[in-house]
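Novice: Got a structure here, written out as structure tokens. Questions coming.
Rule-based calculations on the coordinates, nothing more; no lab input. None of the values given here were measured: they were computed from a predicted structure. Quick reminder, even Gly has a Cβ in these numbers, built from the backbone with ideal geometry, and neighbours come from all protein chains shown.
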């Protein structure tokens, strides 16, 4: 049984101590709905779903969890069978954890590089909410995507293939700060990608501190994109990459720097994959135009992080990754 097409990216959990900065960033700059739950938890909403981003107090300043919405119990049980067959532990979420995420039937599975994966079957619908402009595009294809960096990209790809029957959409070859990088784009439904995996070619280093390099959300109209861009600038948040258009999914977007240090891409109008005709290809460069780097690269910090990554074992959850999937 294939689970492809019956799963979508539903929410992310972020651990941070910078609640005041996140309020300004998420509500005032990006334009999401904010719900303050307690002194140690807050949520952002994009749509009627109670939670799309859960922020919990803690020192990581990073995304800690990806939440995957599963369309039906049959698909949910199939994924759990795969996990248990591989001998990987499954943890059932508590009632409190499920309530914070606004979901039902919550389970947690270990994920690559310490990024936990959670599955749920139904999202609870909240009351009235207020977002900027015409709002955000979510629906059956999920809230957007995440990009991660890895020294073992084949194993990470193997993990998402085993867990979610992820399909390869395409590759991008790019040179960043003099380092050659290959990016693999994986989809779990017709959204062009829900997970992107970046790796330096032939170098076992990871220059990114956070588990997630960036996350993406999609606005409904072009005017919403430009308005969000202007708010990010006006409120003084750093811009990582200026406005531009991607070479593979053709999305128009910009990348802002979150209070926790990872990047937040706001995009408009990416293409939707036609499964009957789509064939993976390789693109040279991430952008057709634009996406100029705006913040000065912390070369010393990146070098230090990369050097430390040589000494750290990257856990890809081998039991689920298998031998990985060669390109």
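Novice: Tell me, 209, 81, 105 in order of fewest to most beta-carbon neighbours within 10 Å?
Specialist: Ordered by Cβ neighbours within 10 Å, fewest first: 81, 105, 209.
Novice: Moving to a separate point now. Quick check: residue separation of residue 78 and residue 271 times 0.36 nm, minus the Cα distance between them. What number comes out in nm?
Specialist: Fully extending the segment from residue 78 to residue 271 adds 66.5 nm.
Novice: Here's a follow-up. How do the peptides 24-37, 145-158 rank, highest first, by the average count of neighbouring beta carbon atoms within 10 Å per residue?
Specialist: Ranked from most to least packed, the peptides come out as 145-158, 24-37.
Novice: Which whole-number percent gives the relative contact order of the stretch 167-259, counting Cα pairs below 8 Å spaced six or more residues apart?
Specialist: Value for the stretch 167-259: 16 percent.
Novice: Next up: Give the relative contact order (percent, whole number) for the stretch 140-311; include only Cα pairs under 8 Å separated by 6+ residues.
Specialist: Result for the stretch 140-311 is 26 percent.
Novice: Roughly speaking, what is the centre-to-centre gap between the stretch 17-50 and the stretch 254-268 when only Cα atoms are used, to the nearest Å?
Specialist: So the two Cα centres are separated by 15 Å.
Novice: Given a Förster distance of 51 Å, report the FRET efficiency between residue 294 and residue 99 from their Cβ-Cβ distance, rounded to the nearest 0.05.
Specialist: 0.85
Novice: Also, I was wondering about something else. Want the number for residue 4 to residue 174: 0.36 nm per residue separation, take away the alpha-carbon distance, what's left?
Specialist: 58.3 nm
Novice: Also: Can you tell me, using C-alpha contacts under 8 Å and at least 6 residues apart, the relative contact order of the chain as a whole percent?
Specialist: 20 percent
Novice: Can you classify the stretch 180-273 as rounded, prolate or oblate using the Cα gyration tensor, where a ≥ b ≥ c are the square roots of its eigenvalues, rounded means a/c under 1.5, and otherwise it's prolate if a/b beats b/c and oblate if not?
Specialist: Oblate shape, in that a/c is at least 1.5 and b/c is the bigger or equal ratio.
Novice: I've got another one for you. Once you place label points 7 Å from the Cα toward the Cβ at residue 116 and residue 220, how far apart are they in nm?
Specialist: The modelled label-to-label distance comes out at 3.3 nm.
Novice: Can you give the Rg/Rh ratio of the chain, where Rg is from the C-alpha atoms and Rh is the Kirkwood radius?
Specialist: In the chain, Rg relative to Rh is 0.93.
Novice: In Å, what is the Rg of the alpha-carbon atoms in the stretch 140-311, and how long is Dmax?
Specialist: Cα-based Rg and Dmax for the stretch 140-311 come out at 15.9, 46 Å.
Novice: With springs only between Cα atoms under 10 Å, which of 254, 44, 237 fluctuates most in a Gaussian network model of the chain?
Specialist: Comparing 254, 44, 237 in the GNM, the peak value goes to 237.
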